[in-house]
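The values are calculated or read from the model by the stated rules, or taken from the named source; none is laboratory data. Treat the numbers as computed from the prediction; the structure is a model and nothing was measured. Neighbour counts are summed over all protein chains in view; Cβ atoms, including those assigned to glycine, are modelled from backbone coordinates with ideal geometry. Remember, those area values only see protein heavy atoms, side chains included, never the ligands or the DNA or RNA. Shrake-Rupley method; radii C 1.70, N 1.55, O 1.52, S 1.80 Å.
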Amino acid sequence: MDPMAKSGTTTQGLRTAIERSGYYPALVAEAVEAAVGGEPISSYLVHQETTFDSNEVRRHVTVLVLTGNRFIVSHTDEQAADAGSPSPYATTSTESVKLASISSVVLSRVVANPESYTPGTLPREVVLTIGWGAVSRIDLEPAACGDPNCDSDHGYTGNSTADDLSLRVSEAGDGPEAVRQTLLFAQALSEATAATAAGTAR
């Protein structure tokens, strides 16, 4: 297990992980380190994914960083040459979120052969979804009553969910270490938001 994936990581450990991903490391590291500033890093996660768009292959890297007070998310995408740029280019963005603003940390696990599951076994796949109110999704559907013969208009019913960030990490596509690091980061973030909420309630 990579010790850098646990709490108590350093800026150098984060830079090493970014360099290991091999995806424009100088650009990604500079953007992330500028957002982190001088704060100690509690935990981090570097996730790269490749997508196929027509005949083009595009890469995207997401870096998540947890400090004592903030959750930082960085996205970097590469783009092909277009009308506005004669050469390929990359865009990178960072967002800093106060831990108190995080409303939900959802971790979904996919486990093979659940009837023989042994505690501690890595899931086959995990999906980490984090919400802090920047993006909300509303799912609506026609409302109905219990009368099967009723044809009245009952309006609509639905759910509003925070879905600011969603990462899917699989053992087959990303490797078991990536799944393990995602679990560790999700646990660290959940514990940090719980501690922040408890401190705010006092």
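The heavy atoms of Ile41 offer some 10 square angstrom of accessible surface to a 1.4 angstrom probe.
Rg and Dmax, both from the Cα atoms of the stretch 70-131 and both in Å, are 18.9, 56. Accessible surface comparison of Thr62, Thr200, Thr129, probe 1.4 Å, protein chains only, largest first: the order is Thr200, Thr129, Thr62. Between Ser101 and Asp151, the simple label model (points 7 Å from Cα in the Cβ direction) yields a spacing of 5.0 nm. So what's the gap between the Cα centers of the stretch 25-48 and the stretch 85-137, to the nearest angstrom? With the stretch 25-48 and the stretch 85-137 each reduced to a Cα centre, they are spaced 17 Å.
According to the square roots a ≥ b ≥ c of the eigenvalues of the Cα gyration tensor, what is the shape class of the stretch 19-114, taking rounded for a/c under 1.5, prolate for a/b larger than b/c otherwise, and oblate for the remainder? Provide the component values of the computation, followed by the final result.
Values: a/c = 2.20, a/b = 1.30, b/c = 1.70.
In terms of gyration-tensor shape, oblate.
Extending 7 Å from Cα along the Cβ direction at Val57 and again at Thr118 yields two label points whose distance is 3.6 nm.
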